[in-house]
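Notes for the one structure printed next.
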Amino acid sequence: MRVHLKGDALCTLVLFLALFTVLYLHFGNTSTGSNQKRDNRTPLTGPAVVAGPRVRSVHTNEQWTLLENELEPKPDSMADYKFQPTVSAALTQSPFDFQQYLRHKDDRNYTLLVNQPNKCNKFPGGPFLLIAIKSVVEEFDRREIVRKTWGREGLVDGLRVRRLFLLGVPRNRTSISMWETLVHQESQTYKDILLWDFVDTFFNLTLKEVHFLSWAAKFCSEVKFIFKGDADVFVNVENIIHFLGAHPSTEDLFVGHIINNAKPIRSRKSKYYIPETMYGLGMYPAYAGGGGFVMSGTTMRKLSKACTQVELFPIDDVFLGMCLQRINLKPVLHEGFKTFGIAKPSAAPHLQTFDPCFYKDLMVVHSLKVAEIWLMWNLLHNQQLSCSRKLRVRRSFHWRRKKEAANQ
């Protein structure tokens with residue numbers, strides 16, 4: 001009998017401990033999940049902002065509520081909700097980062113951490129062409145290949161060319177060891193780095209646009225022309241300079257791969273998703289593909305002022321189109337700017353799309369790897385290159401445009 005009582009008591013104690021553990025885990029997880037959910041709705045603290053004029057948001061409280069309701073991810077079922085992991089807004093790549101963007105979108109005055117104030121004023125009258133390239137801290141290899149190929153500083157056809165890379169603070173600072181030391185060392189070596197104190201994200205590319213225009217108007221106001229593009233493009237600088245030679249720098253000029261009648265993307269799965277409550281119009285103004293475009297110094301100075309008067313927009317290409325619209329300047333389409341890559345011409349199917357003869361007469365080709373940029377540069381500068389026979393076809397061909405990415 002004593003043995004049975006002792007066994008029952010032991011069993012009761014074990015069950016009590018198990019029940020206590022289950023209750024503890026249940027309420028502990030509930031509390032943690034609640035805190036995580038609440039934290040996700042709290043805007044992240046951004047970098048220090050320099051005191052300056054604030055741009056008043058046009059959104060009312062009702063519009064903010066509509067935006068938050070539209071941007072808040074909603075599970076299709078309880079099962080989806082139950083097994084949906086909680087992810088910090090700083091780590092996710094989803095379009096719902098708009099919640100953070102909308103709360104900080106009026107902050108447009110950030111500290112210039114690394115400057116090149118003498119980039120343009122070393123030469124009387126300023127340089128003929130300033131190459132400004134959007135880059136990120138981690139992509140040193142892309143900056144290096146640009147420096148050694150199409151982005152070289154010096155004289156091209158007797159005209160002065162200068163170069164700059166536009167950077168923001170890396171998103172995951174802790175994962176990049178000694179990034180500040182490396183960037184400052186790179187700047188001291190090449191003297192071509194501009195670094196601002198905003199986080200370098202897709203939505204913040206507009207900040208990079210605004211800050212560069214402000215910098216150019218202040219430190220490079222006498223530049224004749226500016227090429228601005230991405231680090232993964234191949235640029236035929238000789239062709240650009242030849243083209244610009246026929247245009248006075250004192251007149252307005254904005255040339256590139258111009259996208260007309262583009263509609264805002266309403267699908268949440270798209271990188272370019274824009275909710276209707278944020279942009280209600282059915283069409284964007286004409287804008288240039290951000291892979292690369294050219295503008296005159298006169299246009300740059302006008303845009304630097306206009307962009308301070310236009311409300312920031314998360315897609316930098318479209319934002320610049322809004323600024324062009326404000327100064328009543330229509331951007332000009334040029335077939336040599338292939339910011340969505342190139343396709344094989346139907347009348348010359350025997351050619352390969354990476355054939356240097358495809359690139360010989362172009363200005364800009366987007367989406368090339370580091371090795372491809374190096375190879376194409378060397379092929380095009382080979383004095384033995386001859387394209388006349390390869391391109392001899394029965395009838396003239398035209399570049400077949402790819403479907404615009406903004407309308408996909």
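The values are calculated or read from the model by the stated rules, or taken from the named source; none is laboratory data. Everything numeric in this text was worked out from a predicted model, so none of it was measured. Note that each Cβ is placed from the backbone with ideal geometry, even for glycine, and that neighbours are counted across all protein chains shown.
Some points to look at:
- Residue pairs meeting the criteria (Cβ under 7 Å; at least 6 apart or on separate chains; first closer than 13 Å to Val199 by Cβ, in region 166-187; second in a helix (DSSP H, G or I) and of a type in the set (Phe, Trp, Tyr)): Pro170/Trp179; Arg173/Trp179
- Odd one out for Leu312, checked against (1) farther than 29 Å from Val161 by Cα; (2) over 17 Å from the mean Cα position of the chain (by Cα); (3) of a type in the set (A, V, I, L, M); (4) surrounded by 14 or more Cβ atoms within 10 Å (Cβ to Cβ): (2)
- Test: residue in region 293-303 that is touching a Cys at 6+ places or on another chain (Cβ under 9 Å) and of a type in the set (Gly, Ala, Ser): yes
- Residue in region 264-282 that is within 30 Å of Lys224 (Cβ to Cβ), among the aromatic types (Phe, Trp, Tyr) and in contact (Cβ under 8 Å) with a residue 24 or more places away in the chain present: no
- Across region 121-176, the qualifying residues are those that are surrounded by fewer than 16 Cβ atoms within 10 Å (Cβ to Cβ) and among the hydroxyl-bearing types (Ser, Thr, Tyr), and the one among them that is farthest from Asp232 (Cα to Cα) is Thr174.
- For Thr181, the stated conditions hold: it is hydroxyl-bearing (Ser, Thr, Tyr) and surrounded by fewer than 17 Cβ atoms within 10 Å (Cβ to Cβ).
- Residues of region 356-376 satisfying the condition of being more than 13 Å from Asn239 (Cα to Cα), among the aromatic types (Phe, Trp, Tyr) and in contact (Cβ under 8 Å) with a residue 40 or more places away in the chain: Trp374
- Among the candidates Lys191, Lys208, Lys224, residue that is at positive phi and at pLDDT 95 or above: Lys191
- Any hit, region 328-338, residues being surrounded by 15 or more Cβ atoms within 10 Å (Cβ to Cβ) and at pLDDT below 90: yes
- In region 120-133, residue nearest to Asp200 (Cα to Cα) [restricted to those that are touching a Gly at 6+ places or on another chain (Cβ under 7 Å) and not in a loop (DSSP other than H, G, I, E, B)]: Ile133
- Test: residue in region 193-215 that is free of Cβ contacts under 8 Å to residues at least 12 places away in the same chain and in a helix (DSSP H, G or I): no
- Residues of region 209-232 that are surrounded by fewer than 22 Cβ atoms within 10 Å (Cβ to Cβ) and touching a Gly at 6+ places or on another chain (Cβ under 7 Å): Glu222, Lys224, Asp230.
- Taking the conditions (1) more than 24 Å from Pro127 (Cβ to Cβ); (2) in contact with a helix residue (DSSP H, G or I) (Cβ under 7 Å, 6 or more places away or on another chain); (3) touching a residue at least 40 places away in the same chain (Cβ under 8 Å) in turn, Gln309 satisfies each one other than (3).
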